[in-house]
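Notes follow once the structure below has been shown.
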Amino acid sequence: MKTNRILIAGFGGQGVLFAGKFLAYKGLCEGRQLSWLPSYGPEMRGGTANCSVILSDEPIGSPIITTPDTLIAMNLPSLDKYEAATVPGGQIYVDSTLIGRKVARGDVSVFYIPATQMASDAGLTTLANMIIVGKVIRESGVCAWEGIEDALKKVVSARHQDLLGANLKALEMGYNFEG
Amino acid sequence: MAEKVLMKGNEAIAEAAIRCGCRHYFGYPITPQTEIAAYMAKRMPKIGGTFLQAESEVAAINMVIGAASAGVRVMTSSSSPGISLKSEGLSYMAGCDLPALVVNVQRGGPGLGGIQPSQSDYFQATRGGGHGDYHMIVLAPASVQEMASLTAKAFDLADKYRMTSMILADGTMGQMMEPVELSEGEVKPIEKPWAASGTQMAREHNIINSLSLVPEELEKLNFARYEKYKAVVENETMYEEYMMDDADICVVAFGIAARVSKNAVLAAREAGIRAGMIRPITLWPFPAAPVKAAAAHCKSFISVELNMGQMIEDVRLASECARPAYLCNRVGGMIPSPEQVLEKIKEINGGVQ
């Protein structure tokens, strides 16, 4: 029995909710139990936004994550807020373009990905979120790499299917990122 | 079996309503339920339905009264402050015995309060809300799947008993996404011979009205309505029991509080404490029988709520205070954590040994 508690946090506009939705749809495609819970309200417009995704092999109780086993921090306030909450032995993914400091804890695995820079260099400016998700899939085993395209097709809205390729590329960049 | 899709709780309510024949929606936007109105605005024009954003909540509920009087399936939705505005209409609908669905995706109060989840409208929902002697059927979903299935149930019950049904959800249930399987929605046409839908010059006029100036007659109407309520209590009470067979401590919780409590009950069992949970699915009628039965073998009750202690009164009434009932709560938009509920279970378990 495996349960993954993934907390994604950053500024509104960084695609925090979208990244969570992608993982949720991937879980759905894999036939797992899942919940996706966003922060909602004024903070979505420019302030901090976060979303909790739980993927599990058994029915999910509370959809709220107080202690994530996987934390994706896309800005400094998010790392400051959730670093201490991450479970010992858990994983923290840091967008090192936007977060200058290192993770202070020694009992978690940390991955620094200059995702915003990588996205910008590749002309995928809004897809730092998916670059990090690619790395998460590689390192965490929250879901399989196989079938990512099926999940992407579900989460990218019908009128934006032209963005499938860019999202796929971002995921691959993260997946292949060594660091 | 239909395909499982991912939907927000609010969207699941809207889609389920459409699938069971609701073609009339009147509302006014308010966080955290605006997705219901947005979904209806998008879909209703495409299927020959009516979506209308009223000038206020008061206007919306009165439009619901009009459509319900004409015998069609109709709904409105709002969040706490908006439901207060609709409460006069809810009383009139009870007085007219009109079936409709009203959704309350609760947020913290009182007053304008906040926009984060809450369960502090329990009293308002289960005791009526507006003036006069009346009840609504109140359903409390605890998953996105139930947001959909209880919406269909709410319409059926409303039509069956000529009552207003309310879905009492909260911001979490409205905003979260989970896989949901939507039924194809077999719409059973329900005869409404009482409706003001045109006489075709073939019958007397149907009059739908809540004014009754002769006390003897108004008394009769009230007595008859409560006979109907008795049938609802007997036939329609719904609840879920979790690990209750040998429970020493009975947690009572609904909606998001039940989801959190399930984790805590499981953790308590792992710690060797025999905890169990009763989850009311109908808040009115409240599942009094299982709570009373639990009092025979449980040492105490814990009511877990996102309010200052409202359902706990029904727990005490149902158990006839045979066992102590303790409150475990957060308010103002805060949600109890599984750890907080577990702590309470441990504390009470220690206290009664």
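Please work out which one of (1) closer than 20 Å to residue B:137 by Cα; (2) away from chain A (no Cβ under 14 Å) is the condition residue B:253 fails and give its number.
The number of the failed condition is (2).
Starting from region B:181-200, take each residue that is touching a residue at least 40 places away in the same chain (Cβ under 8 Å) and list its partners that are of a type outside the set (Gly, Ala, Ser) and exposed (fewer than 11 other Cβ atoms within 10 Å of the Cβ), counting only C-beta distances under 7 angstrom and pairs at least six apart or across chains.
Final answer for the pair search is B:181/B:1.
Which residue out of B:265, B:260, B:341 is within 14 Å of chain A (Cβ to nearest Cβ), at pLDDT 95 or above and touching a Cys at 6+ places or on another chain (Cβ under 6 Å)? Steps first, please.
Details: B:265 fails: touching a Cys at 6+ places or on another chain (Cβ under 6 Å); B:260 fails: touching a Cys at 6+ places or on another chain (Cβ under 6 Å).
Of the residues listed, the single one that is within 14 Å of chain A (Cβ to nearest Cβ), at pLDDT 95 or above and touching a Cys at 6+ places or on another chain (Cβ under 6 Å) is B:341.
Anything in region B:196-245 that is of a type in the set (Ser, Thr, Tyr), surrounded by 11 or more Cβ atoms within 10 Å (Cβ to Cβ) and farther than 19 Å from residue B:158 by Cα? List them, or say none.
Result: B:212, B:242.
Could you please let me know if residue A:155 is touching a helix residue (DSSP H, G or I) at 6+ places or on another chain (Cβ under 7 Å) and touching a residue at least 24 places away in the same chain (Cβ under 8 Å)?
Yes: the conditions hold for residue A:155.
Residue pairs, Cβ under 7 Å, 6 or more apart or interchain, first in region B:166-177 and within 13 Å of another protein chain (Cβ to nearest Cβ) and on the phi > 0 side of the Ramachandran plot, second of a type in the set (A, V, I, L, M, F, W, C) and open to solvent by 10 Å² or more (accessible area, probe 1.4 Å). List them.
Pairs found: none.
Please verify whether region B:147-162 includes one or more residues that are within 14 Å of chain A (Cβ to nearest Cβ) and in contact (Cβ under 8 Å) with a residue 12 or more places away in the chain.
yes
Could you list, in sequence order, the residues of region A:121-154 that are of a type in the set (S, T, N, Q) and either within 14 Å of chain B (Cβ to nearest Cβ) or open to solvent by less than 30 Å² (accessible area, probe 1.4 Å) (or both)?
A:129
Test residue A:102 against the criterion of being open to solvent by 50 Å² or more (accessible area, probe 1.4 Å), away from every other protein chain (no Cβ under 14 Å), in contact with a strand residue (DSSP E or B) (Cβ under 8 Å, 6 or more places away or on another chain) and at pLDDT 95 or above, and give yes or no.
It is true that residue A:102 is open to solvent by 50 Å² or more (accessible area, probe 1.4 Å), away from every other protein chain (no Cβ under 14 Å), in contact with a strand residue (DSSP E or B) (Cβ under 8 Å, 6 or more places away or on another chain) and at pLDDT 95 or above.
So if I check each of A:108, A:87, A:103, which one is within 17 Å of residue A:52 (Cβ to Cβ) and more than 16 Å from the chain's Cα centre (by Cα)? Spell out the reasoning first.
Numbers: A:108 fails: within 17 Å of residue A:52 (Cβ to Cβ); A:103 fails: within 17 Å of residue A:52 (Cβ to Cβ).
Matching residue, one of A:108, A:87, A:103: A:87.
Filtering region B:140-165 down to residues that are of a type in the set (A, V, I, L, M) and in a loop (DSSP other than H, G, I, E, B), which residue is farthest from residue B:178 (Cα to Cα)?
Looking at residues that are of a type in the set (A, V, I, L, M) and in a loop (DSSP other than H, G, I, E, B), I get B:163.
So, residue B:170, is that one within 20 Å of residue B:94 (Cβ to Cβ) and among the charged types (D, E, K, R) or not?
No: the conditions fail for residue B:170.
Filter region B:321-338 down to the residues that are closer than 20 Å to residue B:297 by Cα and touching a helix residue (DSSP H, G or I) at 6+ places or on another chain (Cβ under 7 Å), then identify the one that is farthest from the other protein chains (Cβ to nearest Cβ).
Among residues in region B:321-338 that are closer than 20 Å to residue B:297 by Cα and touching a helix residue (DSSP H, G or I) at 6+ places or on another chain (Cβ under 7 Å), the one farthest from the other protein chains (Cβ to nearest Cβ) is B:322.
(1) touching a strand residue (DSSP E or B) at 6+ places or on another chain (Cβ under 6 Å); (2) surrounded by 17 or more Cβ atoms within 10 Å (Cβ to Cβ): which one isn't true of residue B:181, the others all being true?
(2)
Scan B:280, B:287 and give me the residue that is away from chain A (no Cβ under 14 Å) and under 22 Å from residue A:35 (Cβ atoms).
B:280
Need the failing condition index for residue A:115 against (1) more than 14 Å from chain B (Cβ to nearest Cβ); (2) surrounded by 22 or more Cβ atoms within 10 Å (Cβ to Cβ); (3) closer than 20 Å to residue B:335 by Cβ; (4) not polar (S, T, N, Q), just the number.
(3)
When region A:124-152 is examined, which residues are found to be β-branched (Val, Ile, Thr), touching a residue at least 40 places away in the same chain (Cβ under 8 Å) and not in a helix (DSSP H, G or I)?
A:126, A:142
Out of curiosity, is residue B:195 more than 30 Å from residue B:301 (Cα to Cα), in contact with a Gly (Cβ under 6 Å, 6 or more places away or on another chain), assigned to a loop (DSSP other than H, G, I, E, B) and modelled with pLDDT of 95 or more?
Working: more than 30 Å from residue B:301 (Cα to Cα): yes; in contact with a Gly (Cβ under 6 Å, 6 or more places away or on another chain): yes; assigned to a loop (DSSP other than H, G, I, E, B): yes; modelled with pLDDT of 95 or more: yes.
Answer is yes for this residue.
Collect the residues in region B:96-108 that are over 16 Å from the mean Cα position of the chain (by Cα) and either modelled with pLDDT under 95 or buried (at least 22 other Cβ atoms within 10 Å of the Cβ) (or both), keeping them in residue-number order.
Result: B:98, B:108.
The values are calculated or read from the model by the stated rules, or taken from the named source; none is laboratory data. Small disclaimer: the values here were computed from a predicted structure and weren't measured. Note that we place each Cβ from the backbone using ideal geometry, even for glycine, and neighbour counts take in every protein chain shown. What goes into the accessible areas is simple: the full protein's heavy atoms, side chains included, and nothing from ligands, DNA or RNA. Shrake-Rupley method; radii C 1.70, N 1.55, O 1.52, S 1.80 Å.
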